[in-house]
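The values are calculated or read from the model by the stated rules, or taken from the named source; none is laboratory data. Just so we're clear, the structure is a prediction, and the values are computed from it rather than from any experiment. Neighbour counts are summed over all protein chains in view; Cβ atoms, including those assigned to glycine, are modelled from backbone coordinates with ideal geometry.
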Amino acid sequence: MLYHRPTGSLKVSSEQISPQGKWSAVQPAQFVESLKEIVGADYVIFHPEDLLVYEYDGSVDRSMPRAVVLPANEDEASRTLALAYREGVPVAGRGSGTGLSGGALAAPGGIQISFTRMNRILQVDTENRTATIEPGVINLDLDTHVRKFGMRYAPDPSSQKACSLGGNIAENAGGPHCLAYGTTTNHVLGMRVALEDGTMLNLGAEAREIPGYDLRGVFVGSEGTFGIATRITVRLLPLPETVKTFLGVFPDIDSACSAVSAVIGHGIVPAALEMIDALSIRAVQNVTDAGYPEDAGAVLLIELEGLWEEVDEVSREVESALWETGASDVRVAEEDSERERLWLGRKTAFGAFGTIAPNYYLVDGVVPRTRLTQVLRKVSEVSEKYGITIANVFHAGDGNLHPCMLFDEREPGVKDRAMAGAAELMEYCVEMGGSLSGEHGIGLEKKEFMPLVYTEQDMDTMKLVRDAFAPANRLNPGKIFPDGEPYEPSLQRTPAQADPGMYV
Amino acid sequence: MTLTSTLAQNLSALVGADAVLPVEGVSLDGVTPQAVARPADRQQLSEIIKWAAADGVRLFPRGGGVFSSLGNLPSQVDVILDLSRLNRIMDYQPADLTVTAEAGITLATLRRELAQGDKYVPLEAPLPHRATVGGILATGFSGPLRFSSGLPRDWIIGACVAGSDGAETRAGGRVVKNVTGYDLNKLYTGSLGTLGVIVEASFKLAPLHGTWAGLAAPFPSMSGAVNSSRELISQVYAPQGLQVISVDVAKKLGLDCPGDSGAVVLAFISGRPRAVARRLEESTRQLEAGGSAGSEALDEAGARDLLDRLTDLPWLEEDMPSLALKVTLPPSNVGSFVDAMELPPGAGIIADPGFGAVQLLRWTPAGLGDSDPGVTLALIESVRRNATNLNGSAVVEVCPPGVKAGIDVWEGCVGEAELEIMRRIKQNFDPAGIFSPGRFVGRL
């Protein structure tokens, strides 16, 4: 087996933190005082009990930061980085802490820069259809704001109600509507970023294309290891003329999978194409009435957008594809309220899993979409083999699975079985021509699995870019790449932590 | 024909005479290479790179050579690396909407193969029978449909690149959504062969269906044309591509254009027939309300033909402009940019008011002779000033080697702090400086 089963705690070797290989001589108290001088005494968190909430993000890992700094502006962020750099202290950027791969967790002895105070929408440019924002702006807040101007921000990731745009950039976040519109990287035009030593750079611009190496492109999705975005310009899209949402009801997963292939095979790329399996339907209906039939084997949620003529024509093709592949019912929603009800189920699913089991662990594999049937069969096999309940709510249209292992960690040995099952699924996705993560990132969670996908040389080539941006590797050290220092996953404690609106 | 240079002889010994081509008639910006290597396969390519790295031989990767005027004047051209034999389709999965192909495949061949499965790759290029996938990626080329189709960076999902040690490394994969590791695909796209040799790339595809239509709408003035286009582009029924061309360009394309200061708006529309009909109808109505007189609708064949000819125009070997600049700027500034430009004789404009790009082209009028370099330099200077004032940047894409020797074609495009990161990237990827040295921004 290529991967290491996590056994130790998150460790970062001293070389990863400081090129000199030693810690700064500055005492923590003095360091905290220096941080306070930059941002003000109220905005440095350093008492252990106050730090508790910064110990984890949405992932399975935990790591207590030495301090958390909340800058008010770019200058404070830059000076904080410069100070940390001088003192040899590693830094992790933190948006809302909703990430699922450990991206926002501090390295041991490291600090977090939290962007909750930098949450202003600075400008909406209706002429050029762009918005310029601070990194702490919440994804849904931006979208809601720009809708007043007849526009929208297309990427709609997991915890859209809670996650920040800065975090979206770090992870190259996706979401249901990325099927048609692409992920975060396709929507970021420009960024001002702070490097590990506090140097500020402008990546990209208001212009959609600029000459030189595409630093903006390679920065997005670098999981906070290249720099920290402090000011962001994103592209907005005009609102479509017509939106139509379909609920396809299927007797089983296999027929729902063939419907996915049939839709895509008809040459249709919907705005969104999501699948919700029987277990998830039951969970959803336990907490809300999304109108999903409780005896269905699976439902597909399909959204079409565009000119009225396009949507009208494609609708008929979608409907016939659904019926031909064995749908027992097809419902269509055109009114906003009806559409929202259908989406409510999708968006409530992860919170609703709490009605089935107290703990969950989510896998983010991605496969070529024609392999969905096979991979979902594998999911059932794994479920049986390890005795773990697995629910599936996922982005079927782009082959991005989210098998969710549900269990009660008080049951002896169940946690290890869940992790082993997750590992087997990740391996299988890669075997099927897929990859480890579609939208959640590698972080701490999956770094030991990277050798399943990339050779040592592939990863060394990636590190060449990190070495250019962050030669001292002070930003988010110990993430993404395997380092032989595996970690102990501590698992999502209670489902109540998940935002009820979270959909992943 | 003899293999005169030592480099050619060494290459021949290394990979066989079959993989070494004559240098006659081959040049890069007027500089004749010492050798042209055409590796038969990836193994040979790897051997050539290892040899070059060991001996400090400078390699200039080339696909179809369509964009070979792009970049600063190379100080010395050792070997042009012709990648045309690396042209296989490695994996095409129509139902997954993905394809993986070697970089030397031409866009025309790739399109034809993809059409067999009713798919297409939304890449654009002039002279698609020559332009290769590798060349399109290396230059990051985009065409008249960039407003709706985006750029090559938006479609690439994976790449294999031969690095300075001759070994291939992989980034991304064959799935349409992937955040596993750094997105080096973005870095390679537009890097002009300075980080390695792109050997293979994977792309997301789009379904091929529906029809095309077009519209050529003459306007009495360039600014009227740009303003009307800006209005149109913000509508839900906007065309997929909208270009404003000046008189000289219109003439080259055989289109009627009123007066000496007029312009023509070209709209390209694709999709399902009913939607195409509506977009065409609404576009015509809106452009006419904005001051166009006598617009002409184009059918599918007419629209596609015009789109191809427009894309090819600046890159036709038999009628190359002597000067071509590409300006990118915020879309709302396109109007101010064209208003501020005073065009010398023989110069024309192709503006993309939806995306925010302007191509400025000049075909040197006959009889200008020696006085021309001064005009050319003055024009470059004024375009740059103009672009910079409007939050944009300008790249000289085509210019006579004599003029190029005195300028940096990327001048003012990249700030010093950003350039420093680019320098480090180049240094880390290509420590021996063997990949297209001197061509890129900052003479990387």
Discussion item. Take residue A:407 and tell me if it is within 12 Å of chain B (Cβ to nearest Cβ) and either aromatic (Phe, Trp, Tyr) or surrounded by fewer than 20 Cβ atoms within 10 Å (Cβ to Cβ) (or both).
Written reply: no
Worksheet item: Hey, does region B:73-86 have a residue that's of a type in the set (Lys, Arg), within 22 Å of the chain's Cα centre (by Cα), assigned by TED's automatic domain parsing to the domain that holds residue B:19 and surrounded by fewer than 24 Cβ atoms within 10 Å (Cβ to Cβ)?
Response: yes
Item to complete: Test residue B:194 against the criterion of being closer than 30 Å to residue B:421 by Cβ, at the interface with chain A (Cβ under 9 Å from one of its Cβ atoms), crowded, with 24+ Cβ neighbours inside 10 Å and of a type outside the set (Gly, Ala, Ser), and give yes or no.
Response: yes
Practice prompt. Please find, within region A:155-210, the residue that is surrounded by the most Cβ atoms within 10 Å (Cβ to Cβ) out of those that are modelled with pLDDT of 95 or more and of a type in the set (Val, Ile, Thr).
Written response: A:169
Worksheet item: Got a sec? Which of A:260, A:249, A:234, A:218 is among the β-branched types (Val, Ile, Thr), in contact (Cβ under 8 Å) with a residue 60 or more places away in the chain and either assigned to a loop (DSSP other than H, G, I, E, B) or within 8 Å of another protein chain (Cβ to nearest Cβ) (or both)?
Response: A:218
Item to complete: Pick out the one residue from B:261, B:295 that is surrounded by fewer than 21 Cβ atoms within 10 Å (Cβ to Cβ), modelled with pLDDT under 95 and farther than 29 Å from residue A:241 by Cβ.
Response: B:261
Worksheet item: Residues that are under 30 Å from residue B:402 (Cβ atoms) and among the basic types (Lys, Arg): which strands (runs of 3 or more DSSP E) entirely in region B:268-381 hold 1 or more of them?
Response: B:323-328, B:357-362
Worksheet item: assigned to a loop (DSSP other than H, G, I, E, B), touching an Asp or Glu at 6+ places or on another chain (Cβ under 7 Å) and within 14 Å of chain A (Cβ to nearest Cβ): does that describe residue B:391?
Response: yes
Worksheet item: If you take just the strands (runs of 3 or more DSSP E) that sit entirely in region A:118-200, which of them hold at least 1 residues that are of a type in the set (Asp, Glu)?
Response: A:121-125
Discussion item. Can you tell me which of (1) within 7 Å of another protein chain (Cβ to nearest Cβ); (2) surrounded by fewer than 24 Cβ atoms within 10 Å (Cβ to Cβ) is the one residue B:183 doesn't meet?
Written reply: (2)
Fill in: Answer residue from region A:95-123, given it is in contact with a strand residue (DSSP E or B) (Cβ under 7 Å, 6 or more places away or on another chain) and within 13 Å of another protein chain (Cβ to nearest Cβ) and is surrounded by the most Cβ atoms within 10 Å (Cβ to Cβ) among those
A:100
Discussion item. One residue is enough: does region B:84-105 have a residue meeting the conditions assigned to a loop (DSSP other than H, G, I, E, B) and among the polar types (S, T, N, Q)?
Written reply: yes
Discussion item. Checking the structure you have, find out if any residue of region A:449-462 is modelled with pLDDT of 95 or more, facing chain B (nearest Cβ under 8 Å), buried (at least 19 other Cβ atoms within 10 Å of the Cβ) and within 27 Å of residue A:388 (Cα to Cα).
Written reply: yes
Practice prompt. Only residues that are more than 7 Å from chain A (Cβ to nearest Cβ), touching a Gly at 6+ places or on another chain (Cβ under 8 Å) and among the hydrophobic types (A, V, I, L, M, F, W, C): list them for region B:394-429, please.
Written response: B:394, B:409, B:419
